[in-house]
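The structure appears below as structure tokens.
The values are calculated or read from the model by the stated rules, or taken from the named source; none is laboratory data. Given the structure is predicted, the values throughout are model-derived calculations rather than measurements. Here the Cβ positions follow ideal geometry from the backbone for every residue, glycine too, while neighbour counts run over all protein chains shown. Accessible surface areas use protein heavy atoms only, side chains included; no ligands, DNA or RNA. Shrake-Rupley method; radii C 1.70, N 1.55, O 1.52, S 1.80 Å.
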Amino acid sequence: MGFALEGIGREFVAGGRPLVALKDVTFTARREEFISIVGPSGCGKTTLLRIIAGLLRPTTGKIVFNGTFSQGKLRSALVFQEHGLLPWCTVLQNVALGLEFIGVSRPEREAKARGFIQQVGLARFERSYPHQLSVGMRQRVAIARAFVADPEILLLDEPFGSLDAQTRLVLQEEILRVWRDHRKLVVHVTHDIEEAILLSDRVLVMSGRPGTILEEIPVPLPRPRDLYSLDRPGVSALKWHVWNLLKSEVRTSLGVAE
Amino acid sequence: MNVWRTTARRWSKYRVERLLPLALVLLFLLAWQLGVAVGLLEPLFFPAPTTIAAALLESCRTGELFTHLTATLLRVVQGVVLGCVPAALLGLVMGWSPRARVVLDPLVAAGHPMPKIAILPLLMVILGIGELSKVVAVAIAAFFPMLLSSMAAVRQISPQLFDVARCYGASRRQTLTRIVVPASLPLMLTGLRLSINVALMVTIAVELIASRTGLGTLIWLAWETMRTEELYAGIIVIAILGVTFSLVLKHAEKVLIPWQQER
């Protein structure tokens, strides 16, 4: 399943004044593709993901899903930046949540959830509550939950944003591995340029507010990838290219003159 | 298990600090006893702690105390159940639906500050002078704190949790059972605690003015016959009752909310 955004715009009213968060966002996403969106803080990346997730209506434009809908399958699942877990559910219950909501029987959903919990190395914490886990562990649970729900489209909203640099590297590799085994369309929002290049087939660079797509950059790195993929020739040129696009946007969003 | 272990750890951590209030109370009682013994305190107003204890024991022995205690306890429990169950449900609805809030908020605002004891005579006219009017007065008093807490409980739920529910395809019922109820539970228990306090207060007040049984009555009879030691005994029993409620609730909190971070 893929989708196409056609001229998506979104306005908010903030303090009585209209605020344009997104303007004319247009791109297509193909099935089993990994797309990363990078942009300065406050450029509307999260708003865009919420529109794709169906949590928010666009003010203008439309979103067209193509491909067949499987019955009883979620169209999309969102991994939130943090706090997306239910504090009153154990790790097992949290991971099985998506399946519970679509009515999968308890033994079946717990068996599936256990498989993924094992894959992200949390088997010992199955019965723990989120507050008993570290931030990194919680984010792994959130990722496992999204994959277990097996949606057509997986949406990641800066899933590693609140992690320390080392945990982040481990989780980046982990998501590469899990995605290799469970291919699906992923739309990933980040402000880490290297992370975007490492994970994606295409990087979409967004401008500052109002957010719009400045450029689509294909990443020609072969798969399967791991952290060493970033050592390949061409990566550094790609990185600087993205940064040059972003630099002035970031400065503007900070209110710094060129 | 976990709960017990942490409790044990906390007990050992502040052992001295925890014993201090007990020591202070003992010191106070000792001073009181001495004060009466040397004639510094008038025993009619301030009977010696030992006299009060004797009155308490005597009341236990004859069973009089338990008759009154049971009557009070029954009214509090009935009133709390009768008041809090609808309050919790209505609070959930009002917290969830802005429309319901717009309609009901003014009514709540009008009803809440009303001293509930003031409606007792009216209730007695309508419902008779039996148990029912008393329990209903207690229930009305218990209703409001629970309603307000339950409503606030729903409104403080992080919007992100509703996003999670929506994005993972939860039905309205699943959102209620999986998100709204568990997320509201901590504040609702706080509401229950407030309700029980108010219920106890109103129960005693009702008994002071319109009852033949209950701890309030016990106190009133003691005042009328100038048996001060029984007056004190009654107050002590009421205080113990209040503390017991609070302890039971604290424990219930640990059992019902195992995900709560230990603080």
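Listed values for the range A:218-234 are Karplus-derived 3J(HN,Hα) couplings in whole Hz (6.51 cos²θ - 1.76 cosθ + 1.60, θ = phi - 60°), namely x, 9, x, 5, x, 10, x, 10, 9, 4, 6, 4, 6, 7, 5, x, x, and x replaces Gly and Pro. For B:Met114, the accessible area of its heavy atoms, probed at 1.4 Å with every protein chain present, is near 80 square angstrom. The A-B contact accounts for roughly 2200 square angstrom of buried accessible surface, both chains included, probe 1.4 angstrom. Which of rounded, prolate, oblate describes the range A:1-95, given a ≥ b ≥ c as roots of the alpha-carbon gyration tensor eigenvalues and a/c under 1.5 marking rounded, otherwise prolate only if a/b is larger than b/c? It comes out oblate by the Cα gyration axes.
With respect to chain B, whose longest principal axis is taken over its alpha-carbon atoms, helix B:215-224 is tilted by about 30°. Placing unit charges on each Cβ (+1 for Lys and Arg, -1 for Asp and Glu) gives the range A:63-216 a dipole about its Cα centre, and among A:Val141, A:Leu78, A:Ser207 the Cα reaching farthest toward its positive end belongs to A:Val141.
Which of rounded, prolate, oblate describes the range A:74-162, given a ≥ b ≥ c as roots of the alpha-carbon gyration tensor eigenvalues and a/c under 1.5 marking rounded, otherwise prolate only if a/b is larger than b/c? Note, shape of the range A:74-162 comes out oblate. For a straight C-alpha distance cut-off of 23 angstrom, the lysines reachable from A:Lys23 (same-chain residues fewer than eight places away being disregarded) are A:Lys45, A:Lys62, A:Lys247. Axis of helix B:64-96 versus longest Cα principal axis of chain B: the two differ by about 20°, to the nearest ten degrees. Across peptide B:167-180, the average count of Cβ atoms from other chains found within 10 Å of a residue's Cβ is 5. Per-residue packing, averaged as other Cβ atoms within 10 Å, sorts the ranges A:10-20, A:139-149, A:92-102, B:206-216 into the order A:139-149, A:92-102, B:206-216, A:10-20, beginning with the highest. In a DSSP loop and with at most 13 other Cβ atoms within 10 Å, the GluC sites (Glu not before Pro) in the range B:224-262 are B:Glu262. Taking each DSSP H run with n ≥ 4 as -39500 (n - 2.57) and averaging over every residue of the protein assembly as shown yields -19000 deg cm²/dmol at 222 nm. Between the range A:227-258 and the range A:68-124, the alpha-carbon centres lie 35 Å apart. Magnitude of the charge dipole for chain B, about its Cα centre and with charges confined to Cβ atoms of Lys, Arg (+1) and Asp, Glu (-1), is about 1380 debye. What lysines does B:Lys134 reach when the alpha-carbon gap must be under 27 Å and sequence neighbours fewer than 8 apart in one chain are set aside? Result set, ordered by chain and number: B:Lys116.
Answer rounded, prolate or oblate for chain B, using the Cα gyration tensor with square roots of eigenvalues a ≥ b ≥ c: rounded when a/c is under 1.5, else prolate when a/b is larger than b/c, else oblate. Cα axes put chain B in the oblate bin. Counting only alpha carbon atoms, the long axis of helix B:181-210 and the longest principal axis of chain B meet at about 40°.
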